[in-house]
Amino acid sequence: MSKSFYSGRKRCFSKKKQGDKIWKVDFIPRQIGTMAISFDKKRILFPFRDYPIKFTPEQKELFDKENPYWANFFKSKNLQFVTAQKISVFKSRQTLEACLKYAKDNYYPNDPMSCLYRKIATYKFKDKFSNEFLGLLYVALKAWNMDSKLDKLKPFPIFAESIKKHQADFEKLRRYKIENFDKIDSNEYKEGEIFEDLFYDLEVVDSKMSIVTISKVLHFMLPDLIVPIDREFTMQFFYGEKNKCSSIMKEPFYIFWELETIFSEFVKRNDVSHYIDNVWNLNIPKILDNAIIGKVLQDAK
């Protein structure tokens, strides 16, 4: 098993100015773009991911007092990109069913890759580390234009070996489903760190900014846990622009984490499991993906 992204690194604690109560956390070797803090030099919080949900009221108050710039930054981002509210449109059963039907009737008949998706979905977890499966996954990603200028795939030997190297990490995460995505962080980020490790350490694509390719790989490896993310539909649905991802914040992992958390919170409150079938909606994450596809296509009419 690979070490989690941060747990194997030296932690350096410092304070911005004398009298501050919050510790700034740096990791050695340093990860550029990561913002980490601690209130007690034990539990590490990542504000881009955890603020304010994982903060106690007292911690939030202290953070806002000592970091007014970041408090305003997060406030403005929350106002500008109210992503959680976007998915509430599917609380209406009528809307959800209409979007699923629209995707089925207007997208999948014109998508030859849907058969390939169903083929990949037949593999059991234990077989997903074979060259047969990884070769099929690699071909599928190429077919979905995941070997373009923006998402250049690594050569297959590197791609396959990297996934195999992380088999134990995938094993630990496979017990989770999208409904309990938040539980991944329950043990002081141990498994949350593993997720971050996978996101940045998997050598499947040249650019570490490629949230699209990495999310699709994670979806195929953990289909009941991860909703695939793409520019044409997911980014368009949540942010109104296909390429908005890079301008929201520096760290693509935090965007990924935010969206998966939103999906998780939605399905915890809205049971969509009865839409599962053996054709288009093979699992709950794919149901959400299909609903978004249908909604974006409908809105574009």
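The values are calculated or read from the model by the stated rules, or taken from the named source; none is laboratory data. The model shown is predicted, which means the values in this text are computed figures rather than measured ones. Backbone-built Cβ (ideal geometry, glycine too); neighbour counts: all protein chains shown. Just the protein is used for accessible areas: all its heavy atoms, side chains included, with ligands, DNA and RNA removed. Shrake-Rupley method; radii C 1.70, N 1.55, O 1.52, S 1.80 Å.
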**Q.** Test: Leu225 is modelled with pLDDT of 80 or more and out of contact with any helix residue (DSSP H, G or I) (no Cβ under 6 Å at 6 or more places or on another chain)
**A.** no
A careful count of residues in region 289-301 that are open to solvent by 30 Å² or more (accessible area, probe 1.4 Å) and in a helix (DSSP H, G or I) gives 4
Checking Glu161, Glu171 in turn, the sole residue that is of a type in the set (Asp, Glu) and closer than 27 Å to Ile262 by Cα turns out to be Glu171
Picked from region 1-12 (must be surrounded by 12 or more Cβ atoms within 10 Å (Cβ to Cβ) and closer than 26 Å to Glu66 by Cα), the residue modelled with the lowest pLDDT is Tyr6
Flagged in region 94-148 as outside any helix (DSSP H, G or I), modelled with pLDDT of 85 or more and not basic (Lys, Arg), in numbering order, are Tyr107, Thr122, Tyr123, Phe129, Ser130
Taking region 38-58 and keeping only residues that are in a helix (DSSP H, G or I) and out of contact with any strand residue (DSSP E or B) (no Cβ under 8 Å at 6 or more places or on another chain), one is left with Phe48, Arg49, Asp50, Pro57, Glu58
Counting only residues in region 248-288 that are of a type in the set (A, V, I, L, M), open to solvent by 10 Å² or more (accessible area, probe 1.4 Å) and in a loop (DSSP other than H, G, I, E, B), the one modelled with the lowest pLDDT is identified as Met249
Restricting attention to region 205-237, the residues that are aliphatic (A, V, I, L, M) and in contact (Cβ under 8 Å) with a residue 60 or more places away in the chain number exactly 5
Val82 vs (1) β-branched (Val, Ile, Thr); (2) within 26 Å of Leu202 (Cβ to Cβ); (3) at pLDDT below 85: all pass except (2)
Reported set for region 144-185 where residues are open to solvent by less than 50 Å² (accessible area, probe 1.4 Å), in contact with a helix residue (DSSP H, G or I) (Cβ under 6 Å, 6 or more places away or on another chain) and either free of Cβ contacts under 8 Å to residues at least 40 places away in the same chain or at positive phi (or both) is Ala160, Ile184
